[in-house]
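Everything on this sheet refers to the single structure shown next.
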Amino acid sequence: MENRDYEGMKTDGTFNVVVFEKGIESLIPVYEYANHNEQNTVFGIVEAYCGNLHRGTKDPVITVTGNFRKSYSHLGTDPVSGKKYPIYFVVGDIIVPAEPVNEYQYQALLLPNLPGGVDFFVSVNRMAPVSQIMKLKFPSKSSRSGIQLKLERKLASVLVTNENDCQALIKKLKKCDNIDTHSEIILREYLKEWIFEGCRRGNATNKKTHAVIHLCASLGYAWAIAIFKRFAFSLDTKDETGWTPLHWAAYYGRKGAAIVTSNWRGKSKFSNSTNSYLS
């Protein structure tokens, strides 16, 4: 195992090149907060690493070795049947079910996320951490295509209705170099504000909302689709072309967004349905 210091954190894992989808691949180091008291956790992570090795396929995964503390073992296994209770890996805004590989190892699909450091932890209720809070460093897209820029401008125009404010946002997005500034991170803040405001006003399910979901799927924003799912938005709505968000994600080759959009619950369902769109 390779260990190195990074921005006040210590590495806890190995460095493997992870291939998410065409044009998106990088080393995904796993860092543990150096000042985190591991003894206070319910589930102790011994090791975590990322790679393309899900059940012999090339799908990217995060693998965690660890177990529940003795006094909390009832949370991990049914005392009667001996079957393991489901646990979840929370990676930023994205929540995925983890499959037991053996008694002390769990594995879950790793989806594209926001560029830079993203919090990662184990949860039993999909919300609160029961393990150490770690950080995964996701890659930045080195360049944006003309289609990507066009889709970003479209999304900006829907999220910001004021013409002057919209033009200011578009100019800000144009200046992003995806090294020091990231268009995806900027749009995330506008998107979250837009969702919260829509829910507050009670108009969160209009045609404009459907357009936003379709655009997020087209851009490959898996984290955005996860946020919409958390707020119980419908992901099956069709636009004027008759396409759903899943169709658009598949059209642009956004594998991560397609998985989240298709109400994925496990590896087998992904293999049988979403892959048919992306092949």
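Worth a mention:
- Area of ILE185 that stays accessible when all protein chains are in place (1.4 Å probe, Å², to 10): 70
- Inter-part distance where region 88-115 and region 222-257 are each reduced to a Cα centre, Å: 20
- Gain on full stretching of the segment that runs from MET127 to ASN178 - 0.36 nm per residue minus C-alpha separation: 15.4 nm
- 18 Å Cα-Cα threshold exceeded, pairs from LYS150/LYS174; LYS135/LYS175; LYS150/LYS172: LYS135/LYS175
- Between SER73 and ASP119, the FRET efficiency estimated from the beta carbon spacing at R0 = 30 angstrom works out to 0.75.
- Solvent-accessible surface (1.4 angstrom probe) belonging to HIS74, in square angstrom, nearest 10: 110
The values are calculated or read from the model by the stated rules, or taken from the named source; none is laboratory data. Values in this document were obtained by computation on a predicted structure and should not be read as measured data. Positions of Cβ are generated from backbone atoms using ideal geometry, with glycine treated the same way; all protein chains shown enter the neighbour counts. What goes into the accessible areas is simple: the full protein's heavy atoms, side chains included, and nothing from ligands, DNA or RNA. Shrake-Rupley method; radii C 1.70, N 1.55, O 1.52, S 1.80 Å.
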